[in-house]
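The values are calculated or read from the model by the stated rules, or taken from the named source; none is laboratory data. For clarity, every value in this text was computed on a predicted model and none was experimentally measured. In this analysis, Cβ positions are derived from the backbone assuming ideal geometry, glycine residues included, and neighbour counts consider all displayed protein chains. Note: accessible area is taken over every heavy atom of the protein model, side chains too, but ligands, DNA and RNA are not part of it. Shrake-Rupley method; radii C 1.70, N 1.55, O 1.52, S 1.80 Å.
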Amino acid sequence: MNRLMLTVLAAAALFGSCSKDDDDKTGNNNKDLVSPEILDMTVSSAASFTGGLMVYPCMPDTSIYFGNFSVNGEIVSFNANYTVINGSASSVLNPVRLPVGDYNFLYWGVMKNSPTDSTYDAASITEPGLRRGINLADLSYSLRKSSYSDTTYSPVYDFVHAVQPLHVGTDNMEATLDRVVTGLRVAIVNYDGSTMDSSIATCRVLVSSIAGKLNYYTAEPSDFTKTVAFPLTVSGDSLMMSANSTVMMFPSGDAPELSVVLNLKNGQEKVFRKALAGPLAAGNRLVLKISLGDLYVEEGSSHGFEVKDWDEKTESLDFPTN
């Protein structure tokens, strides 16, 4: 199980894999190691951070990964993992244990949001392999292929990020974490308030020009060539199709395009495409309400479907936490 999922699962349990090939014996006694406390973790677009936090100690003034000491006094590549509630550590899967000295602490967090304003729960990510001494600025988080097709990718977690110079022995862990992902919320209704057409079997949304990578140290996005896909589901009263949550993605390039793909029960596929008004920026959420007109289901029809109204609104990505 990878480091990210260990952290996410630990946080999820509270709220309702890394290789050791390069481990070595150091002769350090645990009494010589210090575990700085998490004094305060905040999020720049919200208040105190709540979620899973991963900590990567680096050499001072560099992005070179130092590693962390295990409970047995071995220096290992396994990063520290915390569950944080309202800015303070609530439980620790693997704490920071380091000799006194100067370091650069890299933080990656996964936000835990309110059940009433939650994030898409089928997120996934591809993590780079870690080893001591590696330059984290040479690594990236990257998108994971979706099961929908070989050319589309899955949404990601609600990532936050920061770097903090820290003197172990006197300083505590405290930082303002920046959201490095963008959010999208889509709802489709019929323009006249009627129920969804019974001929619709499935609905998916595709968003183009999404970054394929986030730099592991700087969180800068790159490779704006990917398309992220996710399904919409019909509500219980059949009046709406939505993801029932905010879908997180890496930021986009300048000209993202959104496609709505309807697969009909007769085997036909109907597609509507439209360029978004602007790029999908980190820390922002785009809310789309799409009103459908007539759906053309005739065999051989060249039509897709008619969109009567397209309400596109950008807002700060500021979820209330538990």
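Points worth noting:
- Positive dipole terminus of the chain, leading residue within Leu166, Ser146, Trp108 (C-beta point charges): Ser146
- [x] 21.0, 70; [y] 22.3, 76; [z] 21.1, 66, with the label sought being that of the calculated Rg and Dmax of the Cα atoms in Å: [y]
- The calculated FRET efficiency for Thr176 paired with Lys265, based on their beta-carbon distance and R0 = 45 Å, is about 0.35.
- Here the range 102-178 is treated with +1 on each Lys and Arg Cβ and -1 on each Asp and Glu Cβ, and its dipole about the Cα centre works out to around 320 debye.
- Computed with a 1.4 Å probe on the full set of protein chains, the accessible area for Lys274 sits at about 80 Å².
- Relative contact order of the range 171-322, pairs being alpha-carbon contacts under 8 Å that are 6 or more residues apart, as %: 28 percent
- The slack in the chain from Ser35 to Glu74, taken as 0.36 nm per residue of separation less the alpha-carbon distance, amounts to 12.6 nm.
- Estimated dipole of the range 36-145 in Debye, rounded to 20 [Cβ of Lys and Arg +1, of Asp and Glu -1, Cα centre]: 300 debye
- Per residue, the range 136-231 exposes an accessible area of 39 Å² to a 1.4 Å probe, with every protein chain left in place.
- Shown in residue order for the range 248-257 are the 3J(HN,Hα) couplings computed by the Karplus curve 6.51 cos²θ - 1.76 cosθ + 1.60 at θ = phi - 60°: 9, 9, 5, x, 9, x, 6, 10, x, 10 Hz (x for Gly and Pro).
- Residue (of Leu93, Ala201, Tyr157) at the positive-pole extreme of the chain, dipole from beta-carbon charges: Leu93
- Note on the range 83-128: with neighbouring protein chains present and a 1.4 Å probe, carbon and sulfur make up 48 percent of its accessible heavy-atom surface.
- The range 227-286 - percent of accessible surface contributed by carbon and sulfur, probe 1.4 Å: 49 percent
- Rolling a 1.4 angstrom probe over the range 135-182 with all protein chains present gives an accessible area of which 41% lies on carbon and sulfur atoms.
- Assigned charges on the beta-carbon of Lys, Arg, Asp, Glu; the range 142-271 dipole about Cα centre (debye): 380 debye
- Between the amide H of Tyr157 and those of Ser124, distances stay under 5 Å, these residues lying 5 or more places away or on another chain, with hydrogens modeled in the peptide plane.
- When each of Lys213/Lys313; Lys274/Lys313; Lys226/Lys274 is checked by Cα-Cα distance, pairs over 22 Å: Lys213/Lys313
- Rounded to the nearest 0.05, the FRET efficiency derived from the C-beta distance between Leu239 and Ala277 at R0 = 25 Å is 0.45.
- A crude spin-label estimate for the pair Thr195 and Asp318, with each label 7 Å from Cα along the Cβ direction, gives 4.0 nm.
- The alpha-carbon of Lys289 sits under 18 angstrom from the alpha-carbons of these aspartates and glutamates, leaving out residues fewer than 8 places away in its chain: Asp117, Asp192, Asp197, Asp237, Glu257, Glu306, Asp309, Asp311, Glu312, Glu315.
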